[in-house]
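Trainee: Before anything else, here's the structure in question.
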Amino acid sequence: MAFKLEKGTFDALVFDCDGTLVDSAGAHLHSIQQAFLPLGLTMTPEWYSTRHGLGPDDLLDAYEAEFKVDSIIRKDFFDRTNESYLANLHLVQEVGIVADVARHWFGKVPMAVATNGVRKNVEATLIELRLRPLFYTIVTAADVVRAKPAPDVYLEAASRMKVKPERVVVFEDSNEGLEAAYRAGMRAFDIRIAKQSGRRFIPQT
């Protein structure tokens, strides 16, 4: 079985980045663990795996609240995290079933990336995997007032592409991202279902 994208039923596609277009969880977790070392802290894969859809600030807020640690100096921590991530881009791989969708529809409908990620990291990741030319625009949490699960990044992407939100199809892999898409009034595919079932996205052109 497969998810079908029928021509004429949408005007634009928007993709989450981490976990959707690319498998970057290992690289992100490694960078967080490296940034925690000077603080004598760590983050387990099990804890991170259920929260990777959160933005950087929200992720640290959740960590501090659950483990009752002192407030972490954000700028220093994020500087260390970003430096480590960019040094380990070789750990990132594309998610083929989703990247193939973007390749298929390139030049046929406008496409964007909407993410809670850091722009420098997102740009570097997409360039590394030769996916950046596929997308008209990239919207990050820094471009809007509220990160996912608020709908802001998706609404901003639609605005930049001059497409009505209800004519946008979103590809996501997190509960936060799916909520953001639904709140934006967009149709969304949960790619976790496709991964688990081996289903692919069949273009109907």
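The values are calculated or read from the model by the stated rules, or taken from the named source; none is laboratory data. Because the structure is predicted, anything quoted here is derived from the model rather than measured. Using ideal geometry, Cβ is built from the backbone for each residue, glycine included, and neighbour counts are taken over all protein chains shown.
Trainee: Within region 66-104, take every residue that is exposed (fewer than 15 other Cβ atoms within 10 Å of the Cβ) and of a type in the set (Val, Ile, Thr) and give me the one that is nearest to residue 48 (Cα to Cα).
Mentor: Taking the candidates together, the pick is 69.
Trainee: Can residue 73 be described as among the β-branched types (Val, Ile, Thr) and more than 24 Å from residue 154 (Cα to Cα)?
Mentor: Spelling it out, residue 73 is indeed among the β-branched types (Val, Ile, Thr) and more than 24 Å from residue 154 (Cα to Cα).
Trainee: Here's another thing I want to ask about it. So which residues in region 36-48 are within 30 Å of residue 171 (Cα to Cα) and touching a helix residue (DSSP H, G or I) at 6+ places or on another chain (Cβ under 7 Å), if there are any at all?
Mentor: 43, 45, 48
Trainee: So which residues in region 162-205 are surrounded by fewer than 19 Cβ atoms within 10 Å (Cβ to Cβ) and modelled with pLDDT of 95 or more, if there are any at all?
Mentor: Correct list: 162, 164, 166, 167, 179, 182, 183, 185, 187.
Trainee: Sticking with this structure for a sec: Could you say whether any residue in region 67-87 is closer than 30 Å to residue 188 by Cα and not in a helix (DSSP H, G or I)?
Mentor: The answer is no; no qualifying residue exists.
Trainee: Sticking with this structure for a sec: Can you work out which of the residues in region 118-161 that are polar (S, T, N, Q) and out of contact with any Phe, Trp or Tyr (no Cβ under 8 Å at 6 or more places or on another chain) is surrounded by the most Cβ atoms within 10 Å (Cβ to Cβ)?
Mentor: 125
Trainee: Within region 15-35, can one find any residue that is closer than 23 Å to residue 166 by Cβ and part of a strand (DSSP E or B)?
Mentor: yes
Trainee: Right, something else. Answer yes or no as to whether residue 128 is of a type in the set (D, E, K, R), in contact with an Asp or Glu (Cβ under 8 Å, 6 or more places away or on another chain), at negative phi and assigned by TED's automatic domain parsing to the domain that holds residue 190.
Mentor: So residue 128 fails the test.
Trainee: Out of the residues in region 9-18 that are surrounded by 23 or more Cβ atoms within 10 Å (Cβ to Cβ) and not hydrophobic (A, V, I, L, M, F, W, C), state the one that is modelled with the lowest pLDDT.
Mentor: Among those that are surrounded by 23 or more Cβ atoms within 10 Å (Cβ to Cβ) and not hydrophobic (A, V, I, L, M, F, W, C), it is 18.
Trainee: Another question, then. Go through (1) in contact with a Gly (Cβ under 9 Å, 6 or more places away or on another chain); (2) more than 17 Å from residue 10 (Cβ to Cβ) one by one and return the number of the condition residue 124 breaks.
Mentor: Tallying (1) in contact with a Gly (Cβ under 9 Å, 6 or more places away or on another chain); (2) more than 17 Å from residue 10 (Cβ to Cβ), residue 124 fails exactly one: (1).
Trainee: Among (1) in contact with a helix residue (DSSP H, G or I) (Cβ under 8 Å, 6 or more places away or on another chain); (2) surrounded by fewer than 16 Cβ atoms within 10 Å (Cβ to Cβ); (3) closer than 30 Å to residue 6 by Cβ, there is one condition residue 115 misses while meeting the rest; what is its number?
Mentor: All conditions pass for residue 115, except number (2).
Trainee: For the structure I just gave you, tell me whether residue 62 is part of a helix (DSSP H, G or I) and buried (at least 16 other Cβ atoms within 10 Å of the Cβ).
Mentor: When the stated conditions are applied, residue 62 does not pass them.
Trainee: What residue, among those in region 36-59 that are assigned to a loop (DSSP other than H, G, I, E, B) and among the small types (Gly, Ala, Ser), is modelled with the lowest pLDDT?
Mentor: 53
Trainee: Would you mind listing the helices (runs of 4 or more DSSP H) fully within region 93-205 where at least 1 residues are in contact (Cβ under 8 Å) with a residue 60 or more places away in the chain and of a type in the set (Gly, Ala, Ser)?
Mentor: Answer list for region 93-205: 96-105, 152-161, 175-183, 191-197.
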